[in-house]
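Only one structure is covered here, and it is reproduced in the block below.
The values are calculated or read from the model by the stated rules, or taken from the named source; none is laboratory data. Computed from a predicted model, the values in this text were never measured in an experiment. In this analysis, Cβ positions are derived from the backbone assuming ideal geometry, glycine residues included, and neighbour counts consider all displayed protein chains. All accessible areas refer to the heavy atoms of the entire protein, side chains included, with ligands and DNA or RNA removed. Shrake-Rupley method; radii C 1.70, N 1.55, O 1.52, S 1.80 Å.
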Amino acid sequence: MRKTTLLFFIVIGLLSCNENKEMKKNRITTNDLMQKDDHSFSKPQEAVITHLEWDANVDFETKTIVAVAKFDIRKYPSTSEIILDTKNLQIEKVWRNQNDTVDFFLNKADEVLGQALHIPLSEDSKTISIQYKTSPNAEALQWLSAQQTAGNAPFLFTQSQAILCRSWIPIQDSPAIRFTYEAEVKVAEGNLAIMSAENPQEIDSTGNYSFKMRQPIPAYLMALAVGNLEFHKTGKQTGIYAEPATMAKAVTALEDLQSFLETAEKLYGKYRWEQFDVLVLPPSFPFGGMENPRLTFATPTILSGDKSLVSLIAHELAHSWSGNLVTNASWNDFWLNEGFTVYFEYRIMEEMYGKDYAEMLASISFKELTEESRELIENGNVKDTHLKLDLEGRNPDVGMTSIAYDKGYFFLRLLEEISGREAFDAFLQQYFKEYAFRSINTEQFLIYLEQNLFGKNEIVVPKKLFSDWVYGAGIPTSIPKPYSNRFKSVEESVQRWLDTGNIDTLNAEDWSTHEFLHFFHQLPDSLEYNHLSILDDKFDFTDSENAEILSEWFLLAIKKDYRRAFGAMENFLVNTGRKKFLMPIYGELIKRETHKRVALSIYRKARQNYHFVSYNSLDKLLNYTSD
Ligand code: BES
Ligand code: ZN
């Protein structure tokens, strides 16, 4: 049993019995349960940053940012140094207070974590300033040439989660450390700069922009984008940033932003970040969405489907509570960010589109969880199926599996089923309020749950139930089973088609993207080339603009060697950088020698269009070494 698990049971034990005075004195407090962050060199128990003033110059020519980061710090009087995380940064000068230049020390580089920057402190040190330059290969930054964007103008965006902020700002890069910030950013004329902060809505002819973030955030939520961008207001507190060529489509897809926000507020309390805007990025963005506070970053691949793909926006919005407001203390507690967010996302979708709709999403989660859990176990990664992860020594991005998202979701759904929706909602509202702008780890959460959900409502739950979910392998038998009428009817349609051979019996006229995805998952292995041809004639899958449908279709096309789709597939792979689509398609291609050659030849062209997050994983998958 892990030490933390043991500690958890001791605490629960102590809390649940009648305490005498002596025991009270020795009681383990939640503070004792704070664990260290394996992915940051900083030592927050000695000195922490509390505020950042960032003064930066963004240069598209050299693909570098030249900047000064000045931090207000908090420390014990006797603390003799503060440690920041850096990766690939050229540190030029460090000083304390106004101009007290000091010798700093950079440790040797760790491949995943980068380098610790040690800055000596004296008793009166109130601020530290670091003058530095980023590398053109900084992992968080993607510099796009004019040809790689919709508007034919260069573009820069950052992706800081999980531990990449340190590649563009020397910082205490831990989700347990929060700070407020201000920034002055200079960019080339004609560009707009926006951040995870209060933002300008128009291009300034001087190229100088000022930002303020009043709410304290952890480093992984630092974000910047620069390009030829426009703003379109969609409601009182909501709007869209996009390149002019993308705006019309973006407005159509995202016109309901304000009602998403209001629905979320009704569920779990006031939105604490004032403004909620969405930036639609060029297609190389490596994720579907990223919950940068006040400014969610989103892939343009959600624009070309039906409106059902906006559940992704509901997800990123939900992070404004779970994740951004109440933050996982370390990446081992990632399920506290993502599991809660999936639960919240489905509740928003249920409010807006009905139970039937939300059950489709839950059914997809169920399938993904079942498959990924089985794969992890088969590959000997049993411990990666625990909700509480152990990512020490590894890149925390490996924790981005269905476990944190979907096992986390089903655990919370089970808690809802046990306690009843009313009590569970009241509990979550209180949780978001009490832990607002703080971090929490799994053990602290379990104690809070025990006291405030079960204790308060006098519900008795066997402790084993929690340990099975949080510290146990795979999928516990207590998992709630979602049921979708709409998916059931898709299954019947597929059967009818296969029985009659008549494609018109599919009745797919009203299918949403999710029903099409379920349709693909239902197709039997025995399907032949000829079937694909019939499907393609009927639904035009090869020419679909819906990235979710396309990626499932390409997987099928590769399996059946359906060459008619290969041209479109190449086009898709060269132009889309979203890792979730790329990994399975390349993964399927390399299964056969002839397809592997196709994969490598496409990858050679496409790699330059991908963000580090995507090519880092693809290089490994394809055994690719650049020459
Ligand atoms: N915060 C994540 C993205 C992330 C996770 C980036 C870990 C880096 C490390 C974001 O909220 C997310 O989960 N995005 C999903 C979409 C969602 C609908 C499941 C994605 O990008 O696919
Ligand atoms: Zn998320």
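Heavy-atom accessible surface of THR252, to the nearest 10 Å², is about 90 Å², with a 1.4 Å probe and all protein chains retained.
Evaluating 6.51 cos²θ - 1.76 cosθ + 1.60 at θ = phi - 60° for every residue in the range 521-529, the Karplus couplings come out as 5, 8, 5, x, 4, 6, 4, 10, 3 Hz, glycine and proline recorded as x. Overall, the accessible surface of the range 68-130 at a probe of 1.4 angstrom is composed of carbon and sulfur to the extent of 46 percent. The simple Förster model, with R0 at 51 Å and r as the Cβ-Cβ distance, assigns LYS36 and ALA508 a FRET efficiency of 0.45. Note on the range 190-275: with charges restricted to the Cβ of Lys and Arg (+1) and Asp and Glu (-1), its dipole about the Cα centre is near 320 debye.
Mind checking the dipole of the range 523-622: about its Cα centre, +1 per Lys or Arg Cβ, -1 per Asp or Glu Cβ, Debye to the nearest 20?
Details: 16 positive and 14 negative charges, 126 e Å.
The calculated dipole for the range 523-622 is roughly 600 debye.
Between the alpha-carbon centres of the range 386-401 and the range 470-540 there is a gap of 32 Å. Taking each residue as 0.36 nm, the span from GLU491 to ARG563 lengthens on full extension beyond its C-alpha to C-alpha distance by 23.2 nm.
Distance between the 7 Å Cα→Cβ label points at ASP619 and THR370: 3.8 nm. Once the other residues with Cβ under 12 Å from the Cβ of ILE585 are scored (Lys, Arg +1; Asp, Glu -1), what is the net sum? Here the charged neighbours net out to +2.
Listed values for the range 62-67 are Karplus-derived 3J(HN,Hα) couplings in whole Hz (6.51 cos²θ - 1.76 cosθ + 1.60, θ = phi - 60°), namely 9, 6, 9, 10, 9, 8, and x replaces Gly and Pro. In this model, which of LYS266/LYS433; LYS560/LYS596; LYS212/LYS579; LYS383/LYS481; LYS43/LYS75 are farther than 21 Å apart at the alpha-carbon? Where the Cα-Cα span goes over 21 Å, the pairs concerned are LYS212/LYS579; LYS383/LYS481. Surface calculation, 1.4 Å probe, protein heavy atoms: LYS620 sits at approximately 140 Å² accessible. The distance from the alpha carbon centre of the range 94-127 to that of the range 269-348 is 34 Å, rounded to a whole number. Listed values for the range 333-344 are Karplus-derived 3J(HN,Hα) couplings in whole Hz (6.51 cos²θ - 1.76 cosθ + 1.60, θ = phi - 60°), namely 9, 3, 5, 5, 6, 7, x, 4, 6, 5, 4, 5, and x replaces Gly and Pro.
If you count only protein heavy atoms with a 1.4 Å probe, what accessible area per residue comes out for the chain, rounded to a whole Å²? Spell out each step's value before the answer.
On the way: 25770 Å² over 627 residues.
Solvent-accessible surface per residue comes out at 41 Å².
What does the charge dipole of the chain about its Cα centre add up to, to the nearest 20 debye, if the Cβ of each Lys and Arg holds +1 and the Cβ of each Asp and Glu holds -1? Result for the chain is approximately 1360 debye, rounded to the nearest 20. Of the trypsin sites (Lys or Arg not before Pro) found in the range 74-120, the ones in coil according to DSSP and having at most 10 other Cβ atoms within 10 Å of their Cβ are LYS108.
Express the Stokes-Einstein translational diffusion coefficient of the chain in µm² s⁻¹, to the nearest whole number, given a Kirkwood radius over alpha-carbon pairs, 37 °C and a viscosity of 0.692 mPa s. The partial results should precede the final answer.
Details: Rh = 25.9 Å.
Estimated via Stokes-Einstein, D reaches 127 µm²/s.
May I ask what percent, to the nearest 5, of DSSP beta bridges between residues of the chain are antiparallel? Let's see the in-between values first.
Working: 62 of 81 bridges.
Expressed as a percentage, antiparallel bridges in the chain total about 75.
To the nearest 0.05, how large is the calculated FRET efficiency for HIS521 and SER626 if R₀ is 30 Å and r is the Cβ-Cβ distance? Don't skip to the end; give the middle numbers.
Values: r = 36 Å, r/R0 = 1.19.
My answer for the efficiency is 0.25.
Here each label is just a point 7 Å from Cα along the line to Cβ, and for ASN381 and GLU274 those points are 4.1 nm apart. Each semi-axis of the equivalent ellipsoid for the range 523-622 is √(5λ) with λ an eigenvalue of the Cα gyration tensor; in descending order they amount to 23, 14, 11 Å.
Compared with the alpha-carbon gap, the fully stretched path from PHE437 to ARG394 is longer by 12.8 nm at 0.36 nm per residue. Can you compute the label reach from LYS233? Point 7 Å from Cα along the Cβ direction, backbone N cut-off under 17 Å, restricted to the range 251-287. The answer is 251, 255-259, 274-278, whose backbone nitrogens lie closer than 17 Å to the label point.
Express in nm, to one decimal, how much length is gained between ASP543 and THR127 on full extension, taking 0.36 nm for each residue of separation and deducting their alpha carbon distance.
Result for the pair: 144.1 nm of gain on full extension.
Treating r as the C-beta distance of ASP72 and GLU111 and R0 as 25 Å, the FRET efficiency rounds to 0.20.
By accessible area, using a 1.4 Å probe on protein heavy atoms only, the range 523-622 has 46% of its surface on carbon and sulfur.
Here each label is just a point 7 Å from Cα along the line to Cβ, and for TYR483 and THR206 those points are 6.5 nm apart.
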